[in-house]
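Here, each number is a calculation from the coordinates, and none is a lab measurement. Remember, predicted model here, so these are calculated numbers, not experimental data. Every residue, glycine among them, receives a Cβ derived from its backbone with ideal geometry; neighbour counts consider all protein chains shown.
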Amino acid sequence: TDVLQFYPKYFDALILRAKILSKLHRYYDALEDLNKSLKIEPGNHQSLIAKADCLRALNQHQDAIKIYSY
């Protein structure tokens, strides 16, 4: 989080924080970071899979399936 204050587009930090937030069941916060990471690197598989996992955890299965099928 501290790094992102100075470098808000630091891709690896966004992904790492999203994964931590997801493990803490803070899926909406994780999705926010994942969406930011996808603006930096559209189509990044790591971001897409993590996003689909969050959506699945939030029972947004149709949206998750679209991403998994990408």
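Quick notes
- One Cα centroid belongs to the stretch 26-70, the other to the stretch 2-16; the line between them spans 17 Å.
- Selected from Asp33, Asp12, Asp53 as most flexible by GNM, with the chain as the system and alpha-carbon contacts under 10 Å: Asp12
- Axis angle, to the nearest 10 degrees, between helix 27-40 and the longest C-alpha principal axis of the chain: 70 degrees.
- Helix-only mean residue ellipticity at 222 nm for the chain, each DSSP H run of n ≥ 4 adding -39500 (n - 2.57), per residue, nearest 500: -22500 deg cm²/dmol
- The chain: angle of helix 11-23 to the longest principal axis, Cα-based, in degrees nearest 10: 60
- Candidates Ala13, Ala30, Ala50: whichever shows maximal mean-square fluctuation once the chain is modelled as a Gaussian network with Cα springs under 10 Å: Ala13
- Charge dipole (Cα centre; +1 on Lys/Arg Cβ, -1 on Asp/Glu Cβ; no other charges) of the chain amounts to roughly 100 debye.
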